[in-house]
1. Out of all the residues in region 69-88, which are of a type in the set (Val, Ile, Thr) and touching a helix residue (DSSP H, G or I) at 6+ places or on another chain (Cβ under 7 Å)?
2. Looking at region 42-64, I want the residues that are in contact (Cβ under 8 Å) with a residue 60 or more places away in the chain and open to solvent by 80 Å² or more (accessible area, probe 1.4 Å) and have a partner that is of a type outside the set (Ser, Thr, Tyr) and in a loop (DSSP other than H, G, I, E, B) with Cβ atoms under 7 Å, at least 6 apart or on another chain. Which pairs are those?
3. So Gly27 fits all but one of (1) without any contact (Cβ under 8 Å) to a residue 60 or more places away in the chain; (2) outside any helix (DSSP H, G or I); what number is the exception?
4. How many of the residues making up region 30-41 are open to solvent by 10 Å² or more (accessible area, probe 1.4 Å), small (Gly, Ala, Ser) and not in a loop (DSSP other than H, G, I, E, B)?
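The values are calculated or read from the model by the stated rules, or taken from the named source; none is laboratory data. Since the structure is predicted, the reported quantities are computational estimates derived from the model, not experimental observations. Note: ideal-geometry Cβ built from the backbone for every residue, glycine included; neighbour counts use all protein chains shown. Ligands, DNA and RNA are stripped out before the accessible areas are found, and what is left, the full protein with its side chains, is counted by its heavy atoms. Shrake-Rupley method; radii C 1.70, N 1.55, O 1.52, S 1.80 Å.
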Amino acid sequence: MAFPQLHPVERRGELRCGSVPAAGAQGCTAPATWHVAWRLEPKADFSLFCDRHMTQARQELVYADRHAAEINCDMPGTGWLLTDPSRCVPVDTDETATGYTRVDEHPDPD
């Protein structure tokens with residue numbers, strides 16, 4: 001299993017798969033059904049995936065956590081809440097708040 005090579009993906013304002021085969025290549029734009037955290041510390045990296053690309057990622061890549069994609073997953077001001085199951089939630093802007101990793105501080109890579 002390998003860690004993915006990440007490429008920034010522009011936020012589209014809707015839940016779309018961000019899988020990109022290579023930097024600058026056309027990416028998948030299927031509806032996203034999964035939100036993946038590649039790592040949560042020290043710098044978090046996230047992706048949105050369709051079912052097909054999530055299946056591929058589960059077989060080939062290492063990730064820290066995942067949950068079903070919801071509208072909060074691509075919204076500014078949300079954080080990855082480590083619960084069972086994990087989910088994205090609106091967060092307090094207080095920098096001392098704990099229990100989550102802010103999603104909007106890092107662009108969604110593929």
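1. First, pick out the residues of region 69-88 that are of a type in the set (Val, Ile, Thr): 71, 78, 83.
Selection gives Thr78 alone.
2. Within 7 Å, the pairs are Lys43/His106.
3. (1)
4. The number of residues fulfilling the criteria is 0.
One line per residue, one yes/no per condition, for (1) closer than 21 Å to Pro85 by Cα; (2) at pLDDT below 85:
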position: Gln5; (1), (2): no, yes
position: Pro21; (1), (2): no, yes
position: Ala30; (1), (2): no, no
position: Val36; (1), (2): yes, no
position: Asp45; (1), (2): yes, no
position: Leu48; (1), (2): yes, no
position: Asp51; (1), (2): yes, no
position: Leu61; (1), (2): yes, no
position: Ala64; (1), (2): yes, no
